[in-house]
Amino acid sequence: MSDGFNTTAVVVTILLLATTFVATYFASRRTKTSAEFWTAGGGMTGRKNGTAIAGDFLSSASLLGYAGLAYLYGMDGIVYAIFACGIFLMVMFLIAEKLRNLGRFTFADALATRLRSGPVRIVSAISTLFICVFYLLAQMVAGGVLMEALAGIDFSWGVVIAAVLMLTYVLFGGMLATTWLQIIKAVALMSVVALLVILVLIRIDPNPLNIIEQAVSQSKFGDHYLATGNSFKGPWNIISMAVAVTLSAVGLPHVLMRFFTVPDAIEARKSAIWAISLIGGFNVLIAFLGISARAALGAGGEEIAGKGGNLALPALTVWLGGGDGFASDLLLALVVAVSIATLLAVSAGLVLSASSTIAHDLWAKTFHRPETEEMTVGRIAAVALVIVTVGVTLAIGGTQNVTFLATLATSTAASANFPVLIMTLLWRRMRTLGAVVGALSGLLTALALILTGPLVWPSLAPLLSDSLTTTAPFPLAFPILLSVPAGFLGCIVGSFLSREPANDAAFDELQVRALTGAGLDKTKTLAH
Amino acid sequence: MPPTETAVDWSRLWSDPSMLRLRRDRRSFFTVAWSVFAVAFCALVGFAAFAPEIIATRPVPGLSVGLILSLAYVATVMSLGAWYVRRARHWDILAAAVLSVPAIREREVAGNV
């Protein structure tokens, strides 16, 4: 957007972050045990946790990305945002309550109630680290680019500053600070989006339908602006996108971990319904803002909006503020501040999740070290992870296409973790070997298909390009239609090959506990 | 995980009449809820994937079939979520009945000491 250093944006960002640091300070004084560090002591209310979960998903990727897609391609961007509304219905229906009833810190706790702890924890640690590192890389690259484009901070410095800030939340405040960061950010984001929608209605037209008509007339696609297929070429790309988006959260470790921060199943489902409502409401508004950007900026805005359309929303913001002047500066600064806070919050959650699997699943549960050491090990792991990620981020630089990193992370989560969790919860024949084979086959299939797919293959014809042709051996950007079945198949084949004796009692125990919460630690109290 | 070795016959509990009531009620909810979701999902994906031109037609100026389907999908998802939360209150009561079966209550007490 601006070429130089954007003072207003930096000041507003610092103000927003200052409030989150106050929250971190208070959180650090209340974070003494590992339960407090990993899961805020299980004392979050459903409403707070739901807002934090929504915060995880209302990321800068959705704020800038959905708006940009809707701006560039119309209906394709809208359906993308709309399918994302179903994410937490899946989480709610399939796992939220059961996971809360069975687990403590990581989802491997739930698996270990009926399968052999060692192998299951090692394999889920592998998939968790894989997912978190790639997701983190995507966040860091996007963060550096964003800071450079919007605040005028050099890419490398942007990445380092983001890493240091994010580590501060993790090291000192643990899950409590990370959750509060998400909540503050989510509220700020919603306020900004609501403000922008109101301004759009005032400045362009009070009737949203007229705005849509204007957008259509401004588009190079004409009436086809409201048809699908402008960016997703062919029916299978749309179907795989819809399935991938809908299943994207069911296996993401940092999202699953959030369900351990509430005391019981009742609060777990309250979290889910809050997340569904907030994400649903905001995706609709964000898609509408993308359309409004088309109506306001017209075709002339395409140059400002950038190739992926990521800067369409900032451009609309400047336009709403009246072009140059303090009003536009301030509005833009709000969008920048919220985007940066989002990025920090999501990264902090990822680092926390990755270090929890190292400290809890590996250190404490597989190598049988005392649980009191978990927090120290977790902090060391967090620092090491961030150093590695920053190194890799600086090495690959800001020109890297980050879509494939994020797609890799969510597709792997859905292909490696989701089948194993579902089969362990529901299938009596499931064995430890099935979990190991299922997770690995899901992970490797997703990896292989993305590496041979259009996001990576030379002469990139990525997801969002206008070109129909791709040289990639595998034609779909989202591998999920094949890799999720591969994960399920791995579970089944592994279980049938296993010589492990049937343990019906353990499965019955898991089912009873999953549905009733029997044996759940009832000593936790809600923090208000 | 089990804090004490107080034996609980989980298999018997799983087929206890109180548990069967909970299981039946959940199954009847999820049968309907998944069907409704499947219809909504397939309708939106189906039109988006195979009928882009129908998606683009506008029965009312500014309001296309695609936008109507999208809003209907969001409304369906939210209603299913709200319905789940309401129905789950009933499951809490049924689950409490399961937990009051003598075998498990002893263990609960032992576990929380």
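Figures for the structure shown
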item: Any hit, region A:206-224, residues being touching a residue at least 40 places away in the same chain (Cβ under 8 Å) and away from every other protein chain (no Cβ under 13 Å); result: yes
item: Per-region count, region A:231-270, residues within 11 Å of chain B (Cβ to nearest Cβ), over 15 Å from the mean Cα position of the chain (by Cα) and in a helix (DSSP H, G or I); result: 14
item: Scan of region B:3-24 for residues that are of a type in the set (S, T, N, Q) and assigned to a helix (DSSP H, G or I), ordered by number; result: B:11, B:18
item: First in region A:39-61 and at positive phi, second anywhere and crowded, with 24+ Cβ neighbours inside 10 Å and of a type in the set (S, T, N, Q), Cβ under 9 Å, 6 or more apart; result: A:40/A:49; A:40/A:178; A:40/A:179; A:40/A:261; A:41/A:261; A:42/A:261
item: Cβ pairs under 7 Å, 6+ apart, first in region A:108-126 and farther than 15 Å from residue A:503 by Cβ, second outside any helix (DSSP H, G or I); result: A:109/A:103; A:110/A:103; A:121/A:112
item: The lone exception for residue A:277 - which of (1) in a helix (DSSP H, G or I); (2) more than 11 Å from chain B (Cβ to nearest Cβ) it fails; result: (2)
item: Matching option when the condition is under 19 Å from residue A:334 (Cβ atoms) and assigned to a helix (DSSP H, G or I), among A:177, A:149, A:163; result: A:149
item: The lone exception for residue A:177 - which of (1) over 30 Å from residue A:35 (Cβ atoms); (2) in contact with a Phe, Trp or Tyr (Cβ under 7 Å, 6 or more places away or on another chain) it fails; result: (1)
item: Selected residue [closer than 30 Å to residue A:371 by Cα, surrounded by 16 or more Cβ atoms within 10 Å (Cβ to Cβ) and either at pLDDT 95 or above or at the interface with another protein chain (Cβ under 9 Å from one of its Cβ atoms) (or both)] from B:14, B:10; result: B:10
item: Matching residues, region B:68-95, being facing chain A (nearest Cβ under 7 Å) and either basic (Lys, Arg) or out of contact with any Lys or Arg (no Cβ under 6 Å at 6 or more places or on another chain) (or both); result: B:70, B:73, B:74, B:77, B:78, B:80, B:81, B:82, B:84, B:92, B:95
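Yes/no matrix, rows are residues, columns are (1) over 16 Å from residue A:90 (Cβ atoms); (2) touching a residue at least 12 places away in the same chain (Cβ under 8 Å); (3) outside any helix (DSSP H, G or I):
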{"site": "B:26", "(1), (2), (3)": "yes, yes, no"}
{"site": "B:35", "(1), (2), (3)": "no, no, no"}
{"site": "B:45", "(1), (2), (3)": "no, no, no"}
{"site": "B:53", "(1), (2), (3)": "yes, no, no"}
{"site": "B:70", "(1), (2), (3)": "yes, yes, no"}
{"site": "B:78", "(1), (2), (3)": "no, no, no"}
{"site": "B:85", "(1), (2), (3)": "no, no, no"}
{"site": "B:92", "(1), (2), (3)": "yes, no, no"}
{"site": "B:97", "(1), (2), (3)": "yes, yes, no"}
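A quick yes/no check of all residues on (1) away from chain B (no Cβ under 11 Å); (2) closer than 15 Å to residue A:73 by Cβ; (3) at pLDDT 80 or above:
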| residue | (1), (2), (3) |
| --- | --- |
| A:293 | yes, yes, yes |
| A:302 | yes, yes, no |
| A:307 | yes, yes, no |
| A:312 | yes, yes, yes |
| A:317 | yes, no, yes |
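Okay, residues lined up against (1) farther than 28 Å from residue B:89 by Cβ; (2) over 16 Å from the mean Cα position of the chain (by Cα); (3) exposed (fewer than 14 other Cβ atoms within 10 Å of the Cβ):
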residue	(1), (2), (3)
B:19	no, yes, no
B:23	no, no, no
B:27	no, no, yes
B:35	no, no, yes
B:47	yes, yes, no
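The values are calculated or read from the model by the stated rules, or taken from the named source; none is laboratory data. Source: prediction; values computed, not measured. Here Cβ is always computed from backbone atoms with ideal geometry, including for glycine, and neighbour counts include all displayed protein chains.
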